[in-house]
1. For region 3-102, which fully contained strands (runs of 3 or more DSSP E) count at least 1 residues that are surrounded by fewer than 20 Cβ atoms within 10 Å (Cβ to Cβ) and basic (Lys, Arg)?
2. Going by the conditions given, is residue 20 at pLDDT below 95 and under 15 Å from residue 147 (Cα atoms)?
3. Tally the residues that are loosely packed, with under 15 Cβ neighbours inside 10 Å and out of contact with any Leu (no Cβ under 8 Å at 6 or more places or on another chain), restricting the search to region 165-181.
4. Select from region 80-99 the residues that are among the aliphatic types (A, V, I, L, M) and under 28 Å from residue 141 (Cβ atoms) and list them in ascending order.
5. Which of the residues spanning region 162-183 are in contact (Cβ under 8 Å) with a residue 12 or more places away in the chain, over 16 Å from the mean Cα position of the chain (by Cα) and part of a helix (DSSP H, G or I)?
6. Within region 138-158, how many residues are more than 26 Å from residue 43 (Cα to Cα) and in contact with a Pro (Cβ under 8 Å, 6 or more places away or on another chain)?
7. Counting only residues that are basic (Lys, Arg) and modelled with pLDDT of 75 or more, which one in region 118-134 is farthest from residue 62 (Cα to Cα)?
8. Identify the residue in region 103-117 that is farther than 22 Å from residue 51 by Cβ and part of a loop (DSSP other than H, G, I, E, B) and, among all such residues, is modelled with the lowest pLDDT.
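The values are calculated or read from the model by the stated rules, or taken from the named source; none is laboratory data. Since we're looking at a predicted model, the values are computed, not measured. Backbone-built Cβ (ideal geometry, glycine too); neighbour counts: all protein chains shown.
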Amino acid sequence: MLQNLPRALGRALRPIRPGPARIALSELNADPRKGSIDVFSSAFRDGEPLPARYTADGEGVSPSMQWRGVPRGTKGIVVIMEDMDSPTLHPLVHAIVWGLPGSDGGVPEGALSTTRARAAAAPMGRNSYLMTRYVAPGPPPGHGPHRYAIEVIALDVAPGFHGTPGRSDVIEAARGHVIGAGCLIGTYARA
């Protein structure tokens, strides 16, 4: 999607990045250190590059995501994957997963639907392209490295949604109900 922008436009847009202050955890005032959930993946380590397999330049499958240290009293888990360096005003949402049990767990590699035809392992919300699926990272050429935040949010309620929720729906449902959080960052840049 953004990977189709011309390189010159990518370079011109380099200063435009929402940054970490605009990701969902920040908007919810959720401090990952308070009620901290350890988020990790067998595909990459925190702060390291995403292997091409998980990007628009590779197979585009969703990476594995695991979490542990979910606080007692958690009724539901929401996972949001967003690009905090997209050349947009708000982070670009790559996936929303909700309806996950309130316990330690995870989502295996490739479990998030990348097409309308394939069902996901858990209910999914709308990404920034208004599709109910995982969109692989594909930053614009020339825009530089991007940071992709996989945010795991523990709630003291099990959110229910009428229809397919988007980012703002999830944030509104989570506001005042966050009892734990964690984040894993993967990076990716186009050569």
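1. Numbers: elements: 38-40, 65-68, 76-83, 92-100.
Here the list reads 65-68.
2. Details: at pLDDT below 95: yes; under 15 Å from residue 147 (Cα atoms): yes.
Spelling it out, residue 20 is indeed at pLDDT below 95 and under 15 Å from residue 147 (Cα atoms).
3. Taking region 165-181 first, the residues loosely packed, with under 15 Cβ neighbours inside 10 Å are 168, 172, 175-176.
Next, from what is left, pick out any that are out of contact with any Leu (no Cβ under 8 Å at 6 or more places or on another chain): 168, 172, 176.
Residues meeting the conditions: 3.
4. So the first thing to find is which residues in region 80-99 are among the aliphatic types (A, V, I, L, M), and the list is 80-81, 84, 89, 92-93, 95-97.
Residues satisfying the conditions are 80, 81, 84, 89, 92, 93, 95, 96.
5. Of everything in region 162-183, just one residue is in contact (Cβ under 8 Å) with a residue 12 or more places away in the chain, over 16 Å from the mean Cα position of the chain (by Cα) and part of a helix (DSSP H, G or I), namely 173.
6. Selection size over region 138-158: 0.
7. In the first step, residues of region 118-134 are kept if they are basic (Lys, Arg); the result is 118, 126, 133.
In the following step, the residues that additionally are modelled with pLDDT of 75 or more were identified as 126, 133.
Working: 126: 15, 133: 10 Å.
Restricting to residues being basic (Lys, Arg) and modelled with pLDDT of 75 or more, the top hit is 126.
8. Initial filter on region 103-117 (farther than 22 Å from residue 51 by Cβ): 103-105, 116-117.
In the following step, the residues that additionally are part of a loop (DSSP other than H, G, I, E, B) were identified as 103-104, 116-117.
Numbers: 103: 95, 104: 96, 116: 56, 117: 46.
The residue in question is 117.
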